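Report on the following structure.
No lab work stands behind these numbers, since they all come straight from the coordinates. The structure displayed is predicted, hence computed values, not measured ones. Using ideal geometry, Cβ is built from the backbone for each residue, glycine included, and neighbour counts are taken over all protein chains shown.
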Amino acid sequence: MISSFKEALDSGKFIVTCEVAPPKGMNLEQTAHHIDLLKDKVDAMNLTDHQSSVMRFPSIGGALMVKEMGGEPILQMTCRDRNRLALQADLLFAASRGVNNVLCLTGDSVMLGDHKTAKGVFDLDSSQLVAAVRTLEKGRDLGGNDLDGSPAFCAGAIVTPEAHPLEPQLIKFEKKIEAGAEFIQTQAVYDIEKLKDFMEYSRQFQIKILAGIILLTSAPMARFMNKNIAGVNVPQPLIDEISQAPKGGAIAKGIEIAGRMIKQIHSENICDGVHIMAIGKEELVPEIMAAAELPPTAS
Amino acid sequence: MIRSITKQKTEEEIFRLLEGQDRIFIIGCGTCVTLTHTGGAPEVEAMKETLLESGKLVTGQIVVPVACDNLTSEILQEELGRIEQADALLIMTCAYGVQTVSGQLKRMVVPALDTLFIGKESASGQFNEVCTQCGTCVIGETGGICPVTTCHKGLINGPCGGTNQGKCEIDSNKDCAWTLIYNRLSELGQLASMRKLQGPRNFLGEPTPGKYEMSKS
């Protein structure tokens with residue numbers, strides 16, 4: 001089997017993945033703490049790749065830490081910082097070290113991050129990166145040359161089910177599937193009815209869908225996401241619910257909301273799993289899973 | 001009509017480039033930079049005043065009709081006396097003009113402008129780039145809207161996840177190229193061409209530096 005994550009996807013069980021952000025700098029303590037806390041509770045952990053175009057410790061470094069600590073990494077790779085040579089080389093390196101799950105992303109503009117004057121690369125896009133993974137697996141590179149030893153991956157991509165307009169995103173989603181994506185981790189969803197609509201459409205494809213869950217930590221944070229994060233729409237009743245939480249209880253309410261949504265997605269079998277993004281509060285993932293009444297992944 | 005779109009450098013940068021060079025000859029251009037008000041007669045005059053105020057000596061000034069034209073050489077010959085009195089030429093044209101002049105006169109040239117792109121005036125005082133001369137034109141499949149230019153990331157397979165309500169992630173006033181393309185192809189009943197998975201772009205179409213020789217045959 002390519003990876004334990006692939007095995008979990010194929011088993012038909014309800015999948016739980018989460019995010020771990022490598023640090024800004026060399027202090028790996030908190031990252032190690034999060035990995036240690038979560039490695040036996042989730043099916044895999046995504047290592048973000050200079051998230052929001054903020055320069056950090058590399059995602060491959062985080063993925064190797066997860067491997068070394070006995071967890072299952074999903075290597076996030078964006079097309080923002082590397083051309084096709086560097087992306088292919090890093091895929092070969094990842095596979096050589098047992099990092100065999102990859103999430104292919106286009107990447108945010110460098111203008112959103114902390115190196116605004118840098119050059120954004122975008123030699124490939126997310127769908128072309130998925131295709132590149134599949135090409136390497138066939139023993140060839142994007143230049144058409146034979147490889148001496150080829151990698152194997154479980155490759156995924158993302159989609160935004162609440163984007164507006166939606167159809168251009170769905171066209172891109174279908175291209176990612178055509179390119180060979182096996183799983184999708186969605187942008188955060190808060191409207192279960194819209195998620196159901198998306199799942200009804202996506203069931204025609206052979207692909208596993210993990211619904212994105214971002215932990216709400218306060219009403220201002222929810223409003224900030226509505227204003228600034230593409231395709232994220234926290235409905236007003238949820239904002240009201242969190243703003244009515246007792247003083248100091250907003251995070252507990254956020255955990256309750258996330259848990260409730262995951263529980264519904266799980267119990268109604270709406271999609272194949274969830275991808276929990278706790279954004280800096282990774283230590284709360286076990287509490288979210290407990291609120292959702294999910295058992296920790298049997299390892 | 002397409003124009004070279006320019007923006008004046010900061011005075012701070014211009015004076016840094018002119019450091020130690022006290023006698024200046026100023027050259028403007030009657031074409032693109034006149035339209036963009038960055039290097040026409042009024043701007044050249046204003047620059048002269050600025051230089052004089054800072055204690056520089058202006059040996060002369062001229063606004064040539066088309067700085068990038070090879071005829072510029074002949075026009076400048078008539079000013080040679082005043083040009084030769086100068087330590088440096090401050091050139092208020094696009095980089096095509098600056099480099100045309102620098103190849104013709106043995107004088108240090110200092111660009112007063114930054115050249116932004118080759119673009120069109122879409123509304124009064126508003127200029128847009130519609131083509132980056134990539135050499136592998138894709139607009140036959142995108143309803144005549146160039147994603148290589150109009151999409152901030154130059155994506156050719158559809159929008160990224162940063163597009164929001166039809167706008168770009170870098171600027172909520174900038175239309176998302178792929179929403180424009182989607183709308184146009186929908187209107188034309190040609191969405192099928194957006195569904196085609198495009199392979200990686202061929203950057204050989206865009207040689208660096210650009211060079212092309214017309215075949216003699």
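Observations on the structure shown:
- Rounded to 5, the percent of DSSP beta bridges in chain B classed as antiparallel: 45 percent
- Total charge dipole magnitude, the range A:143-234, about the Cα centre, Cβ charges on Lys, Arg, Asp, Glu only, Debye to nearest 20: 380 debye
- Percentage of interatomic Cα-Cα distances in the range B:130-205 larger than 16 Å: 46 percent
- Normalised contact order of chain B, rounded percent, pairs of Cα under 8 Å and 6 or more residues apart: 18 percent
- Dipole magnitude for the range B:130-205: about 140 debye, using +1 per Lys or Arg Cβ and -1 per Asp or Glu Cβ, origin at the Cα centre.
- Degrees, to the nearest 10: A:167-179 long Cα axis against longest axis of chain A: 40 degrees
- Along the axis of the charge dipole computed for the protein assembly as shown (Cβ charges of +1 for Lys and Arg, -1 for Asp and Glu, origin at the Cα centre), the listed residues A:GLY71, B:PRO65, B:ALA86 are led at the positive end by A:GLY71.
- Beta bridges by DSSP in chain A, antiparallel share as percent, to the nearest 5: 5 percent
- Rounded to 0.05, the FRET efficiency of the B:SER73 and A:LEU37 pair, given R0 = 60 Å and the Cβ-Cβ distance, is 0.25.
- Dipole orientation for the protein assembly as shown: of the candidates A:ASN27, A:SER243, A:VAL102, A:VAL102 has the Cα lying most toward the positive pole (charges on Cβ; Lys, Arg +1; Asp, Glu -1).
- Per-residue shielding of B:163-172, expressed as the average number of other chain Cβ atoms within 10 Å of the residue Cβ, stands at 5.
- Cβ-placed point charges (K, R +1; D, E -1), dipole of the range B:3-117 about Cα centre in debye, nearest 20: 200 debye
- Shielding of peptide A:120-131 by partners, expressed as the average count of other chain Cβ atoms within 10 Å per residue Cβ, is 5.
- Compactness of the range B:1-126 as Cα Rg over 2.2 N^0.38 Å, two decimals: 0.99
- Counting every other Cβ atom within 10 Å of each residue's Cβ, A:LEU103, B:LEU155 order from fewest to most as B:LEU155, A:LEU103.
- Set A:LYS67/A:LYS138; A:LYS67/A:LYS196; A:LYS24/A:LYS116; A:LYS172/A:LYS194 screened for pairs whose C-alpha atoms are more than 23 Å apart: A:LYS67/A:LYS138; A:LYS67/A:LYS196
- Relative pair counts by distance (%), Cα atoms of the range B:61-217, 5 Å bins: 2, 7, 12, 14, 13, 12, 10, 10, 8, 6, 4, 2, 0, 0
- Binning the alpha carbon pair distances of the protein assembly as shown at 10 angstrom intervals from zero yields the distribution 4, 16, 23, 20, 14, 12, 8, 3, 0, expressed in whole percent.
- The mean number of Cβ atoms from other chains found within 10 Å of a Cβ in peptide A:104-114 is 3, as a whole number.
- Estimated from helical segments only, the mean residue ellipticity of chain A at 222 nm is -12000 deg cm²/dmol, where each DSSP H run of four or more residues counts as -39500 (n - 2.57).
- Listed residue (A:GLY259, A:VAL232, A:SER202) projecting farthest to the positive dipole end of the range A:166-299, Cβ model: A:VAL232
- Equivalent ellipsoid, chain A (semi-axes from 5 times Cα gyration tensor eigenvalues, Å): 29, 21, 20
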